[in-house]
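Please find one structure pasted underneath; my questions will follow.
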Amino acid sequence: MSSHQMSLQTQQQISLKVEDLKKYYPGVNALDGLSFEVNAGTIHGLLGANGAGKTTTMKILTGLLKQTSGTYEVRGQIGYLAENPPLYQEMIVKDYLKFVAQIFGVDRDRIKKNVEEIIAKIKIESISGRLIGNLSKGQKQKVGMAMALVHKPNILIFDEPTVGLDPTSVIDIREMFLNLKGDHTILLSTHLLHEVENICSHITVINNGRALISGAIDEIHQKEKTSTLEDIFLKMVKENENAN
């Protein structure tokens, strides 16, 4: 294989690329030179404490926020689920998904089929005819996932997808992530270490708007010579705080 072919193959394997991303607010550096890559077909966890810069990063990647400097590249179409999904409470689930599909420009003759496929994929058939406002938080989160998928994107970005959910809903959401892996590249933010360990193959640990470590979890374990993400996370954060 030539060096050009190897370079092309590497490029094709990367779905998201962030380089030296910075975002300044008056008195606050929300992002301070953040860099990381997300490989295609992986579930990549953006791990950090509240205020680390996770949500800011995701808003920039989805075009909802403009960075101060730095660059990012998105190789594909994005489906985005915010921490609080913008669901229309007075709409019936299946009608809402048809509405979202229209907004994304799905061909009119494809909308009904797309909605039916996503309802089956997310396993929300039993609530597809109900008003969104009458659903539980866990059910609404599943509708939010369906919303992010209805236009058939290859990249999914989820911001704190399991926060505030009951244990059964958390398990359901995790299973959905694993079912979506391979067909989609998934970037999810969280501050829950056990969530990352259960579903992610890769992580980026972020603190004070900087990436402290990034890569495959197995390789990070070998490099850091520890078997727990908790130890790695605490070590990285402590070293970063001491350096500042």
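Express as a percent, rounded to the nearest 5, the fraction of DSSP beta bridges in the chain (both residues included) that run antiparallel.
About 50 percent, rounded to the nearest 5.
I would also like to ask the following. For the range 70-169, which chymotrypsin sites (Phe, Trp or Tyr not before Pro) pass both filters: DSSP loop (anything but H, G, I, E, B) and at most 14 other C-beta atoms within 10 Å? Mind showing how you got there, number by number?
Values: sites: Y72, Y80, Y88, Y96, F99, F104, F158; in loops: Y88, F104.
Hits after loop and neighbour filter: Y88.
So if I take the alpha carbon set of the range 86-153, get Rg, then get Rh from the Kirkwood formula, what is the Rg over Rh ratio?
0.93
While we're here: Sequence neighbours fewer than 8 away in the same chain don't count; with that in mind, list the lysines whose C-alpha is under 18 Å from K23.
K54, K59, K66
Let's test this: bin the Cα-Cα distances of the chain at 10 Å from zero up to the farthest pair and state each bin's percent.
7, 30, 34, 21, 7, 1
Taking the dipole about the Cα centre of the chain, with the C-beta of Lys and Arg at +1 and of Asp and Glu at -1, give me whichever of I155, G215, Q77 is farthest to the positive side.
Farthest along the dipole direction, towards plus: Q77.
What spacing in nm lies between the two simple spin-label points modelled at N134 and Q222, each 7 Å away from Cα in the Cβ direction?
5.4
Along the Cα-to-Cβ line of D166, 7 Å from the Cα, sits a label point; which residues in the range 115-134 have backbone N less than 11 Å from it?
Under 11 Å, as judged by backbone N against the label point of D166, lies no residue of the range 115-134.
Within the range 154-169, whose backbone N sits under 14 Å from a point 7 Å along Cα→Cβ of N179?
Residues passing the 14 Å test: 169.
Relative to the present Cα-Cα distance, how much length would full extension add between S126 and A49 at 0.36 nm per residue of separation?
On the way: separation 77, 0.36 × 77 = 27.72 nm, distance 3.58 nm.
Stretched out fully, the S126 to A49 stretch lengthens by 24.1 nm.
Taking only Cα atoms, what is the 0 to 90° angle, nearest 10, from helix 108-122's long axis to the longest principal axis of the chain?
Tilt relative to the chain: about 70 degrees.
Taking trypsin sites (Lys or Arg not before Pro) that fall in a DSSP loop and have at most 16 other Cβ atoms within 10 Å as cut points, what is the longest piece of the chain between them?
Result, exposed sites excluded: 131-224.
Place a point 7 Å from Cα of Q13 in the direction of its Cβ. Which residues in the range 24-66 have their backbone N less than 19 Å from it?
36-45
A follow-up question, please. Mind checking the angle between helix 137-149 and the chain's longest principal axis? C-alpha axes, 0 to 90 degrees, to the nearest 10.
Long axis of 137-149 versus the principal axis of the chain: about 80 degrees.
May I pose another question? Taking the 0 to 90 degree range and rounding to the nearest ten, how far is the long axis of helix 3-12 tilted relative to the main principal axis of the chain, both from C-alpha atoms?
Approximately 50 degrees, to the nearest ten.
Taking 0.36 nm per residue of separation and subtracting the Cα-Cα distance, what length does fully extending D109 through E197 add?
Gain on stretching D109 to E197: 27.6 nm.
No lab work stands behind these numbers, since they all come straight from the coordinates. Just so we're clear, the structure is a prediction, and the values are computed from it rather than from any experiment. Please note: Cβ atoms are built from the backbone with ideal geometry, for glycine as well, and neighbour counts cover all protein chains shown.
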